[in-house]
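Have a look at the structure below before the remarks.
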Amino acid sequence: MRWILLLFFLFSFKSFAFGVSPMTGEIDVSGRLSQQKFVVTNQFKTPLDVEITPHLLEWIEGKYNAEKETDDLMVLPDTAVLQPGETRTILIKYFGDPDVQSSKAYIIKFKQVSTNNSKNVSGTNVNMAVNFETVLTLLPNKVSSGLQISSIVKEVDGKWLVTVDNVGNKHEWAAKYSWAIGNGKDSVVFTGKDISNKLSHKFFPPRSSIQAIVDLGNEFGDSESLNIDIRDIN
């Protein structure tokens, strides 16, 4: 459930404590594109101590798990102390096996440590820590991609159960596709946050088939069947 919530908030969550950008990224297995820069900003009125650790994001028994730390990635620096208002660039570089056949996904954890921050937010003396987690995808040398819908079943309250097949060898974000949804008479095209907010699952591992709920509310409420056409917009 934790990683479902993480992926749900990736496109909209903003921390009141410190900022990290970008929230997602892609890197190659070698060359100048085998690294990603993240920018950390201290929005506190006191120094911010941050620890950065990479974790392998695995799809296991129908859910994501990111408990396992990985040595595929080098983090420079892996700790940083930022003064109030300061920004710092963190470099993540891939040093793992270059001969990967399918993409791999990682969670980069930015963990705040040993800081009394709640004074800056609520005026209390309670110690608190805020963590940021971003998603980094490693692309294989030969990339094939594509999301497809193989079944659509009407549920209740404007919800539809769809089976999403990722026929490619890379992880795919639903928000990076256009979703043309229609009933034969009317149609609506959703992209970006619009489709991400309607889907129960947003990040599809390579060569997978996953059932997800699409919540369309009052759209197509009287329809008994739908057509969904997904197209890559990158």
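Here, each number is a calculation from the coordinates, and none is a lab measurement. The shown structure was predicted, so the numbers you read here are calculated from the model rather than taken from an experiment. Note that each Cβ is placed from the backbone with ideal geometry, even for glycine, and that neighbours are counted across all protein chains shown.
Of note:
- Nearest-20 debye value, the chain charge dipole, Cβ charges on Lys, Arg, Asp, Glu: 560
- Trypsin sites (Lys or Arg not before Pro) lying in DSSP loop within the range 37-71, provided at most 15 other Cβ fall within 10 Å: Lys45, Lys68
- Candidate lysines for bridging to Lys111, where Cα separation is under 27 Å - those fewer than 8 sequence places away on the same chain excluded: Lys14, Lys37, Lys45, Lys63, Lys68, Lys93, Lys119, Lys193, Lys202
- The range 147-232 - percent relative contact order, Cα under 8 Å, separation 6 or more: 40
- Among (1) 1.14; (2) 1.07; (3) 1.39, the entry that matches Cα Rg over 2.2 N^0.38 Å as calculated here: (1)
- HN-Hα J in Hz across the range 84-101 - Karplus 6.51, -1.76, 1.60, θ = phi - 60°, x for Gly and Pro: x, x, 7, 10, 9, 8, 10, 9, 10, 10, 7, 10, x, 5, x, 9, 8, 9
- Comparing Asp186, Asp71, Asp28 in a Gaussian network model of the chain (Cα springs below 10 Å), the most mobile by mean-square fluctuation is Asp186.
- Centre-to-centre separation between the Cα atoms of the range 19-52 and those of the range 123-193: 23 Å.
- Note, ³J(HN,Hα) from phi for the range 175-181, Karplus 6.51, -1.76, 1.60, rounded to Hz, x at Gly and Pro: 5, 8, 10, 8, 10, 8, 10
- Global form of the range 147-232, assessed from the alpha-carbon gyration tensor, a/c cut-off 1.5: prolate
- The 3J(HN,Hα) values that the Karplus relation (6.51, -1.76, 1.60; θ = phi - 60°) gives for the range 71-83 are, in residue order, 9, 5, 10, 9, 10, 10, x, 8, 9, 7, 10, 10, 6 Hz. Gly and Pro appear as x.
- Descending by average beta-carbon neighbour count within 10 Å, the peptides 80-89, 169-178 line up as 169-178, 80-89, the highest first.
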